[in-house]
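Laboratory data are not the source of any read-out in this text; all were calculated from the coordinates shown. Just so you know, these numbers come straight off a predicted model, no measurement behind them. We place every Cβ from the backbone using ideal geometry, glycine too, and count neighbours over all the protein chains shown.
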Amino acid sequence: MTLALLTRRTLLVSTGAALTTGVSGWFVPAQAKGLAPTPTMRGGANNYRPGAPIVERIGGGGFRMSGSVRRAGDGAPLAGIRIQIWAHTTEGYERDERSHGATLTDANGEFVMDMPQIVPAFGQPHGHLAYDAEYDDLNFETVFLRPVMPSSSDTSLRTHFVLKPA
């Protein structure tokens, strides 16, 4: 199965199932065998702050960042994976410490973080997410994402990681 980067908004596998998206309602393929790893996106590591704390939410909320984490190849959901999230929001810039937080995936490999509304930076409303291998001993490769939202009025962004063993 090959992975083709069509835009920053959408990564597609040859089956047509979405892996990363800027709109809610996309899905993880029901048949995940042979699932290709998610590549790091250009600009994904911009303003990354190593070791952001695990928090319940970033700021006052109003926007929902969510997604899933799966293992490349067999597509198994990965529990307890630390995902860091940051963005330019109504409450701060993406370089601000208060605009960063991390969360852990649940038993189904799902994560969710409430945060302030994302607003355009450099003309595009976008978020940043990272799986940084430095913060666990699970032996996967680090991945940085920078998905762009279709509209600055969107109130959610769902993004999926498929991690490759290092």
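Take the Cα of residue 107, step 7 Å toward its Cβ, do the same at residue 141, and the gap between the two points is 3.2 nm. With R₀ fixed at 35 Å, the C-beta to C-beta distance from residue 119 to residue 74 puts the FRET efficiency at about 0.35. Extension gain, residue 152-residue 42: 0.36 nm per intervening residue step, less the Cα-Cα distance, totals 37.5 nm. Karplus-derived 3J(HN,Hα) values for region 109-119, using 6.51 cos²θ - 1.76 cosθ + 1.60 with θ = phi - 60°, are x, 9, 9, 8, 9, 8, 7, x, 4, 6, 10 Hz; glycine and proline are entered as x. On full extension, the segment bounded by residue 56 and residue 90 gains 10.4 nm, given 0.36 nm per residue less the C-alpha separation. At q = 0.10, 0.19 Å⁻¹, what is the base-10 log of I(q)/I(0) for region 30-166 according to the Debye formula with one equal point scatterer per Cα and no solvent? Please give it to two decimals. Normalising to I(0) and taking log10 leaves -0.29, -1.06.
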